[in-house]
Amino acid sequence: MLPRHRDPSVSVDSLFVSYHGKDALRDVSFTLLPGSMTGIIGPNGAGKSTLMKSLLELIPRDHGEVRIFGGSVKETRTRIAYVPQRSEIDMTFPITVIDTVLLGTYPKLGLLKRPRRQHKELAYHCLEKVGMEDFGSRQIGELSGGQQQRVFLARALAQEAELFCLDEPFVGVDAASEETIVAILKELRDQNCTVLVVHHDLSKAEVYFDGLVLLNGELVKAGPAREVCRPDILSQAYAAQLTFLEKNGVGV
Amino acid sequence: MEFLSGILEYGFLQKALLTSVMVGMISGIIGCFIILRGMALMGDAISHAVLPGVALSYMLGVNFFFGAVVTGVLTALGIGYVSQNSRIKNDSAIGIVFTSFFAVGIILITFAKSSTDLYHILFGNVLAVRASDMWITLIIGIVIVAVVYLFYKELLVSSFDPVMSAAYGLPGRLIHYLLMTLLTLVTVASLQTVGIILVVAMLITPASTAYLLTNRLWVMIYLAAGFGALSAVVGLYFSVKYNLASGAAIVLASAVWFILALAFSPKQGVLWRHFRSRRKKAALKGL
């Protein structure tokens, strides 16, 4: 069992990110606790994926500090599982479903070591967990969007991580798969893992997540989902869209 | 039969055959990663850009291997620099950098006053392979097989899902330049057999043929090496028998396998696809 301490698993302190000098994120700070499931929400171009990528040091930051499990990302990489947006992955790649899941065991294997039987069993077990064990020998591109996303979740499970970061996992995903994925993420949370999800669908935000990080270039509010999902606060982030709606006679 | 007895009889044919089979195999292996990473154009660029290196080595009297590696890697770095630090798109960056290197190479070669060698470097002359070339090819082949074997896992995951592999700490850029270096080595090894202009065919065609036939990377690598070797044997056979340019004959042989795979591959083949969709339409006609 993991120790049930309440030190933050992720702490972000005044993070600034820019692309070639153009601001993408300004002064974002928040903390996440172990055993929590948090959504990053905000309008298009609010910097949701940028925030997640800069947390994982996939893009450079201009200023600010990120601590994960009290250490730098470099020290804690093997305790983090990341599921990129599906559009960033080449689905015509010659790889089968089971081998895709097996990739999740690579980070802990290290250089020059090959996956052995125990790793293959772990991969199969993770595939069972997402209900995709019958598809193991299919090529990854032969699956539907929802099935693919379940497979990538299985890969993240095979990483046996403590922090799970998912970038837009519900885009192009059928309702049944979405339900399966949410259930598994909640289970991870209950096992004291930290789950962080970039999410764009406001309607489900309060149901899915304990905490929310609302972005619009800068941090609008981070806190319990109930406190963030209030019209007066959401309107601060979605101001541009709201003026459009009001102009067209749609009441909010 | 003449070909077989010729091989047994003539040393130059043995060297030609061994070298071109090795080149076919290693370019097939590296080609798999090149096409899966969408870098086919990069293969073309590096192969052309070794020319100034070859010319310089020739003028300095050193083995062309060294000069080729230096300019090959410089090109990869130059292309990376231009496309990352300007709004120039990657394919344009490739075009600008490699043609400049190639042009420098052509001028240097004319200074070296060796037009026959230029012809051979550009188009290959497998029958003139020397023993030292064969050994260089063998060493390059061993290096490439060893690197791909040892780092297969890292090459697989960083080609398939570069973002995830970077997230767990794989150095994506280092892997990219490692592959570019291997690509340069393959190009150098291929200079004698198919020549600079056609190296890209040996990188892309056997690997693409294999890609149409399997859903597993390791099978694809074996198949690509196999198609590369087979192309070398068949190409050399026709080259000797009908006195054809060896590089062109080898490349054409590899194109034949590709066309066959394109038509008849069980899953990807256009022929079966056509029949499948026709059967489907016929079945639905009754509705």
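Every number in this text was worked out from the coordinates using simple rules, so none of it is lab data. Owing to the predicted nature of the structure, the values given are computational and were not obtained by experimental measurement. Glycine gets a Cβ as well: all are built from the backbone with ideal geometry, and neighbour counts include every protein chain shown.
Beta bridges per DSSP, both residues in segment A:98-252: antiparallel share near 55 percent. Against chain A, whose longest principal axis is taken from its Cα atoms, helix A:117-129 shows a tilt of about 50°. Counting only lysines at least 8 places from B:Lys280 when in the same chain, those with an alpha carbon closer than 19 Å to its own are B:Lys267. Report the trypsin sites (Lys or Arg not before Pro) located in segment A:71-158 that are in a DSSP loop and have at most 15 other Cβ atoms inside 10 Å of their Cβ, or state none. Those satisfying the criteria are A:Lys113, A:Arg116.
Counting only other chain Cβ atoms within 10 Å of each residue's Cβ, the peptide B:98-107 averages 0.
Computed over chain B, relative contact order equals 29 percent, with contacts defined as Cα pairs under 8 Å that lie 6+ residues apart. Of the DSSP H helices in chain B, those with a Cα length along their own long axis of 15 Å or more and a mean Kyte-Doolittle hydropathy reaching -1.0 comprise B:11-36, B:64-84, B:90-111, B:131-150, B:172-190, B:195-211, B:217-242, B:246-264.
Computed from the alpha carbon atoms alone, the convex hull of segment B:2-285 holds 161 Å³ per residue. Counting Cβ atoms of other protein chains within 10 Å of each Cβ in B:147-157 and taking the mean gives 3. Report, in degrees rounded to the nearest 10, the 0 to 90 angle that the Cα long axis of helix A:145-158 makes with the longest principal axis of chain A. Between the helix axis and the principal axis of chain A, the angle is about 70 degrees. Taking the charge dipole of chain A about its Cα centre, with +1 at Lys and Arg Cβ atoms and -1 at Asp and Glu Cβ atoms, the residue from A:Pro115, A:Gly145, A:Leu58 reaching farthest to the positive side is A:Pro115.
In terms of distances greater than 19 angstrom between alpha carbons, the cross-link table entries A:Lys48/A:Lys108; A:Lys48/A:Lys186; A:Lys22/A:Lys48; A:Lys120/A:Lys186; A:Lys53/A:Lys74 yield A:Lys48/A:Lys108; A:Lys48/A:Lys186; A:Lys120/A:Lys186. Here segment A:10-247 is assigned +1 on the Cβ of each Lys and Arg and -1 on the Cβ of each Asp and Glu. Its dipole about the Cα centre then comes out at about 640 debye.
With a Förster radius of 45 Å applied to the beta-carbon distance between A:Ser203 and B:Lys281, the computed FRET efficiency rounds to 0.65.
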